[in-house]
Structure formats: C-alpha cells, structure tokens
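Worksheet: one structure, shown below.
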Amino acid sequence: MDLNMDLNAPHSMGTTIIGVTYNGGVVLGADSRTSTGMYVANRASDKITQLTDNVYVCRSGSAADSQLVSDYVRYFLHQHTIQLGQPATVKVAANLIRLLSYSNKNMLETGLIVGGWDKYEGGKIYGIPLGGTLIEQPFAIGGSGSSYLYGFFDQAWKEGMTKDEAEQLVVKAVSLAIARDGASGGVVRTVVINSEGVTRNFYPGDKLQLWHEELEPQNSLLDILNSPSPEPMNI
Amino acid sequence: MASKQPENSLLGPEADSQRTLYPNVTGTSVVALKYKDGILMAADMGGSYGSTLRYKNVERMKAIGKHSLLGASGEISDFQEILRYLDDLILYDNMWDDGNSLGPKEVHNYLTRLMYNRRNKFNPLWNSLVLGGIKNGEKYLGTVSMIGVNFEDDHVATGFGNHLARPILRQEWHENLSFEDGVRLLEKCMRVLLYRDRSAINKLQIAKITEEGMTISQPYSLKTYWEFSAFENPTQGAVGSW
C-alpha cells in the first residue's frame, strides 16, 4: 500500500526454506504455503523438488519461475548423468541452477537452495539467491520467513551435528518462522539425503511445538465451557 | 518530520493533521450471526504488521454500553479511536440519567455517520466494523465499512470472511440457532479462514451478547486437519509441481 515503495529493493518472498549439512549428509526443510496475494492457494504444497536421485532443491519466490528453473535443470542433469555414466555431483546441479538464474536475472524472481550428497564431497548445501549468486554454505536459509531465523541460527547452529539433531533443528526453525511470517504456514516437510539414500518426512501443523502466545488446540469452545471446574484447594 | 503532503493542493492544508494513508497494524476478519438468544461474534486475536504476525493478544471485540458489541477489522489504532468516540457517546447518554439507553440500532447509525463523514474528508478510519446487540427482545446485527457502506443482516463478516465465511453462513444459518449450533457454525467459518487467510492466527475469542449482557470467551485455539493422504506426497506423480 506504500506508494513510495522503492521498486529496486529485492522482493520479499513468501515461504521459509532451509538447508543444513550434518556429519554424513544434508537435511532440507520447507513450509507448505503457496499464496496468491493474501489468499492461501495451496496449504500443503511441496517446495522441495527432486533434481536427481541424490540432489534436491528448495524453491521460494515465484512458484512459476522456480518450477521452470528446476524443470530445465532436471532435464539437463538427466542428460549429463547419461553422458557422465555416474550420478551428477551437487556442485554441477547448483551451477546449472546458477547459470539459469544469473543469465535471466532481470526476468526471474526465485531464490533456491540446492542440497544433496555425492561420493566426492559428501553432503553439500548451495544457496542461490535473487540475481544468481552461487554460495556454498554449511547451512542456508531463504524466503520471507527466513528474516525471523537469522538470530536463531546464529545461536543454534553447530558444526558436526547428528542426523536427528539436524532434522530437529530444521523442523524447529521452520515452525518458528511459520509462527511469525504470514506468508509461511501449513506443514513442515523435510528431506534427508545421505550415502544411504533419500528420506521424506512430514510434520503436520498441529503436531509442531507451541511457541509464545500460542495455545493448545481444542475441538470447540463448547468442550472448554463444559469441562469440569478445578477442584477447590484443601487448606 | 517531513510532511507527506502530496503535490496537488486540492486537499487543502494538512500540516497539522495526520491522515491514514495506509494501515500499519491490522486485524483480519470478524464473523457474526444472530442466534436464539442474541448475537454471537468471533474474531481472532492477531495484529499483523504487514506480513509479520506481530501481536497475538489483540482483543478486537468490545462491549458498547449495555446492549451492543462491536467487532473491528483493519487498522487497530483507528479501532481504538472509535472506542474513544463511543465512550463519549455512551457517557453522554448515561448522564441524562433518564432510564433510556442507546441500543444497537442507534450505535450502528452513529458509526455509519462517523465512517461516512471521515470518508468524505478523504481521511478514513481504516476499519470494517460489525455491530451486534439485542434490546427489548429485538436482535440487531449490522456492519459498516471504511467508506461508509452499511447494512444489517442475519449474518455478517468482514475482510476475507466475506469470501470464505458468508457462503457457509448462507448455507447453514437458520432462524433460532441454539448457542451450541451457533458456536459450531462460527468455528467452522473460523477454521476455513485459518486455512486460507494469510493474516489469520490460531487464537480466537467468541463473544456473546444477550438480554442479560455481554460475555467474551477466554482465548483458545482450534484443531486443524492435515492428515489427508493427498497432502503427504503431492508431487509423487508429478515431480516438480507444487
């Protein structure tokens, strides 16, 4: 509504996406809300998309742009895998994303986090924000919900976590972002990638931990009104 | 502080007053319906700051006098200003000490004039209001928008509630709903809003106004359902879709 908005400032994107390395692989996480303006068009979207058997990408920003970029890269990687004769590395996948994001920077509006495992480098995370910068990181956060997580990760991130520690960190972080970002919501989806393969997990909104000023969900107000009053104290 | 006066001078001297150009802290939908004993109204407790869900304990429904209940969506500071205006109105009415008191119809009319006159001065109170009440057995439920559009009906909603709640109410509302049925119907509307409105939060209150008076429930949260099998792996058959 601010008519004096700086049109050159980067657009804040709906979504919370996270990629984290641990000792053995990577954990990718995302919320599941896709919005058209203020309406939630899809409350159970899947923002973690497969590129190859061992490399996945978290998508944020324009749904259309991110889908197209990942579709093209999946196609190129497929051909590359055939030509190479072995699974593509995470670095190659990330670079293909970068190539498309950078050369179309004026038209695309999508921030991506590429994560995967290969036999040469192990688990790796690459952040590719707006503009097409490629940056390898031990962990990456993106999307509008990530604004609320910078302080959290500064404090909570540790090198050399176990698989369970890393996954719990990701679920906690996405859940915290959902609590404060209107553009993020729904369920938390995670994908764990390591030498053994890929595992998808699903954490529905009502199973997540409650944060400040959030209350235990009820079936109805009628249940609260009809519940017995607490016993009087015996002094 | 630099003045935000626009270039054209048709709007007159504005150096002293502040006008609401755009809302800052906003509340989302309010939903209300008539039932057997009076009015039931529901609103969540969120105050959004743009897309941030900044405040989670905002009471957006307040009693007005003995017979009315006001719910508001939109700019919270403007709602607080409206409450001040209504305070004066009720006080003035009480000072007559004549046994009469302003009913919901009168308060609704006052609010309509207030909103419309501000709109004419290009300085609106950025709210959508729901005014409900009961006096001498007569139930009343009305709404006023920020531009002064007003009407009364058996069930009303503001904001996203217009698009998501009103169709449900049209289908399922009937005369002489019991309290339990009324609450369940409102909760059904609020749950849909929770799924589909970006600015909704899962913490709401339901207020009731009857001949006896106004009560507002403690804040509580609704259970939500995510266990559809289609939600678990939506892209299995179409890798790369949403």
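Each value in this text was obtained by applying a stated rule to the coordinates, not by laboratory testing. Remember, predicted model here, so these are calculated numbers, not experimental data. All Cβ positions, glycine included, derive from the backbone under ideal geometry; neighbour counts span all protein chains shown.
Points to keep in mind about this one:
- Building the convex hull from the alpha-carbon atoms of region B:199-242 and averaging its projection over directions returns 5.4 nm².
- When chain A is treated as a Gaussian network with alpha carbon springs shorter than 10 Å, the biggest mean-square fluctuation among A:Pro87, A:Pro129, A:Pro217 belongs to A:Pro217.
- Across region B:134-242, Cα-Cα pairs farther apart than 21 Å form 51% of the total.
- Taking one quarter of the surface of the C-alpha convex hull of region B:41-107 gives a mean projected area of 5.0 nm².
- Cα-based Kirkwood hydrodynamic radius, region A:81-136, one decimal, Å: 11.8 Å
- Calculated [222 nm] ellipticity per residue, helices only, for the protein assembly as shown: -9500 deg cm²/dmol; basis is -39500 (n - 2.57) per DSSP H run with n ≥ 4, divided by all residues, nearest 500.
- GluC sites (Glu not before Pro) restricted to region B:98-205 and DSSP loop, no more than 14 other C-beta within 10 Å: B:Glu175
- With all pairs of separate Cα atoms included, chain B yields a Kirkwood hydrodynamic radius of 19.3 Å.
- Share of Cα-Cα pairs in region A:138-201 lying beyond 19 Å, as whole percent: 33 percent
- In region A:51-117, the trypsin sites (Lys or Arg not before Pro) that fall in loop regions by DSSP, at most 14 other Cβ within 10 Å: A:Lys105
- For the protein assembly as shown, diffusion coefficient by Stokes-Einstein and Kirkwood Rh (Cα), 20 °C, 1.002 mPa s, µm²/s: 86 µm²/s
- Whether region B:96-193 is rounded, prolate or oblate, judged on the alpha carbon gyration tensor where a/c under 1.5 counts as rounded: oblate
- Highest-MSF residue in chain B out of B:Trp173, B:Trp126, B:Trp226 [GNM, Cα springs under 10 Å]: B:Trp226
- Membrane-span-like helices in chain B, defined purely by DSSP H runs whose alpha carbon atoms cover 20 Å or more axially and whose average Kyte-Doolittle hydropathy reaches -0.5, are B:76-95, B:179-196.
- Size of region A:160-235 as Cα extents on the principal axes (Å, biggest first): 60, 34, 20
- Bins of 5 Å, starting at 0 and running to the largest distance - Cα pair percent for region A:80-235: 1, 7, 12, 16, 16, 14, 10, 7, 5, 4, 3, 2, 2, 1, 0, 0, 0
- Net length gained if the chain between A:His78 and A:Gln137 were fully extended (0.36 nm per residue, minus Cα distance): 18.7 nm
- Of the chymotrypsin sites (Phe, Trp or Tyr not before Pro) found in region A:112-145, those in coil by DSSP whose Cβ has at most 10 other Cβ atoms within 10 Å are A:Tyr120.
- Between region A:19-46 and region A:155-211, the Cα center-to-center distance that results, in Å: 9 Å
- The string of couplings for region A:206-214 from the Karplus curve (6.51, -1.76, 1.60, θ = phi - 60°) is 7, 9, 7, 4, 8, 10, 4, 6, 9 Hz, one whole number per residue in order, with x for Gly and Pro.
- Simple label model, 7 Å out from Cα along Cβ direction - B:Gln80 to A:Leu215, nm: 2.3 nm
- Taking θ as phi - 60° and the Karplus parameters 6.51, -1.76 and 1.60, the scalar couplings of region A:134-150 work out to 10, 9, 7, 9, x, 8, 9, 10, x, x, 4, x, 5, 3, 7, 10, 4 Hz in sequence order, x denoting glycine and proline.
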